[in-house]
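Undergrad: Take this structure, written in structure tokens, and hold onto it; I'll ask about it next.
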2 protein chains.
Amino acid sequence: MSATKEIAPKKSDETRARILEAALTLFRKHGFEKTTMRNIAREAGVALGAAYYYFDSKDALVMGFYERAQDDLSALLGEALPKTKGLQEKLHTLLSIKFDYFQPNRELLRALSGHIDPEHPLSPFSEETRTIREKDVSFFANLVEDAGLRIPHDLRMHLPRLLWMYQMGLLLFWIYDRSPRQVQTKRLFEKSLSIVVNLIKLSGFPLLRPVRKIVTNLLEIIVGADESAVADAAR
Amino acid sequence: MSATKEIAPKKSDETRARILEAALTLFRKHGFEKTTMRNIAREAGVALGAAYYYFDSKDALVMGFYERAQDDLSALLGEALPKTKGLQEKLHTLLSIKFDYFQPNRELLRALSGHIDPEHPLSPFSEETRTIREKDVSFFANLVEDAGLRIPHDLRMHLPRLLWMYQMGLLLFWIYDRSPRQVQTKRLFEKSLSIVVNLIKLSGFPLLRPVRKIVTNLLEIIVGADESAVADAAR
DNA sequence: GTCTATATCGGGATAGAC
DNA sequence: GTCTATCCCGATATAGAC
């Protein structure tokens, strides 16, 4: 009978949600920097200490935002992707959905884009965001799988991560795109996407083998650095 | 007689230098975040107000560091580069000198690497750092000039900026390289440099014209975005 | 113009009472 | 779980010594 643990998390989990909601509202309205924890607490109708009780820091609120976005996007993608065919269409759909989803929070993302240091908890490369990142990479892995292309093994093993980085690059460009309705990003997106897809399709072409080797060699140095850093951290 | 203006700026310009020096020392010793303006003032043997008299903010101290680095590097490069021959050797020398110069401040640079937003004064892409950046790009322009290669016009006009971005990428990788003596960066550097140089040398090869077009097209979208942003800011 | 001393404020974060 | 009080620090301002 006391299944309150799993079934009814209503208790004052709702307070937490209210605080997060208040924070996001204010972030969107006045920007991240200008929004103070005091404002957030007031907007949510709690005391400052209460806000800190639920979220260890202002950054923890951002983490809450990341997690919610991941959940929402997971649902949206799971819905839309199965209806698509081919690598290009799938990638186009995935990225379009992300752009649409993050549109209202573009300014917030800009304020957060400074977190590039893998040591920083909010960095897209940090240990703290690892599960989010890996889930995100897995979308690309599934997408490549479902596209059903024949891709050389050496490239294939890096492809999900590579596409994830392509996505991050596009998002970064988009965040700082000051053209009217981010049409520049749109242009870059369309143009680069077909190049990327063509490169992947061509990658099995025997003549391109040396080129592929050069690319995968570079990749291995970069990823290798990543892995030894992880090994480092584990010690 | 009263040529104090140009000849003897010793007055208490020296104080300014001392404050900057104190700041850098503390940044190196305790990191950027943990160093307070109060500490800096104390280390320099002046009052807090004096520190703010010379530097409007903690960030202004960083700007001072950038400017000094630019001056120092300008001298070092002007000394070393004329003794080199060929694109590869020149690029290798330039980048090696930068790595060596920044080595003691690697941690500081890591703390600053978050300034990626072109709106932020300390960003390498900001208006405030424009002259520094342009001077830096001009090193690459001269270097390409002096290497005396025949390079297609469409690529040549983008090349200095492109090489500058290559440099920034390497520096970024280096800043976060956790391998023993940044040997990973060393590997990436050697390997990528010869690829870059070979690509440039091959760029005039007629068969590669379509490839070059693809690259320059993408570049123009990206740079175009940059320029319209500048035009935007001017309005 | 150069600098000290000090007071004040805003905001992130914490301690401890209830 | 929630609130009040408090601390720390960056930043600003002011009054005044030299």
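Only the coordinates and a few stated rules stand behind these numbers; no lab work does. Because the structure is a prediction, the values reported are computed rather than measured. Backbone-built Cβ (ideal geometry, glycine too); neighbour counts: all protein chains shown.
Undergrad: Residues that are closer than 18 Å to residue A:217 by Cα: list the helices (runs of 4 or more DSSP H) wholly contained in segment B:135-204 that include at least 1 such residues.
TA: Those helices (runs of 4 or more DSSP H) span B:159-175, B:183-202.
Undergrad: Okay, next question. Any idea which residue in segment B:11-70 is farthest from DNA strand C (Cβ to nearest atom), counting only those that are among the hydroxyl-bearing types (Ser, Thr, Tyr) and either touching a Gly at 6+ places or on another chain (Cβ under 9 Å) or part of a helix (DSSP H, G or I) (or both)?
TA: Top of the filtered list is B:66.
Undergrad: Looking at segment B:77-86 only, could you name the residues that are out of contact with any Asp or Glu (no Cβ under 9 Å at 6 or more places or on another chain) and part of a helix (DSSP H, G or I)?
TA: B:77, B:78, B:79, B:80, B:83, listed by residue number.
Undergrad: Can you tell me which residue within segment B:97-122, out of those that are part of a helix (DSSP H, G or I) and among the aliphatic types (A, V, I, L, M), is farthest from residue A:119 (Cα to Cα)?
TA: For segment B:97-122, the residue satisfying everything is B:97.
Undergrad: Could you list, in sequence order, the residues of segment A:182-206 that are surrounded by fewer than 17 Cβ atoms within 10 Å (Cβ to Cβ) and away from chain B (no Cβ under 13 Å)?
TA: Scanning segment A:182-206 gives A:201, A:204, A:205, A:206.
Undergrad: Considering each residue of segment A:19-36, count those that are within 15 Å of DNA strand D (Cβ to nearest atom), surrounded by fewer than 16 Cβ atoms within 10 Å (Cβ to Cβ) and not hydroxyl-bearing (Ser, Thr, Tyr), and give that number.
TA: Qualifying residue count for the region: 3.
So that you can scan it fast, the table gives a plain yes or no per residue for (1) touching a residue at least 40 places away in the same chain (Cβ under 8 Å); (2) more than 14 Å from chain A (Cβ to nearest Cβ); (3) more than 16 Å from DNA strand D (Cβ to nearest atom); (4) closer than 24 Å to residue B:36 by Cβ:
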| residue | (1), (2), (3), (4) |
| --- | --- |
| B:56 | no, yes, no, yes |
| B:68 | yes, yes, yes, yes |
| B:71 | no, yes, yes, no |
| B:81 | yes, yes, yes, no |
| B:88 | yes, yes, yes, no |
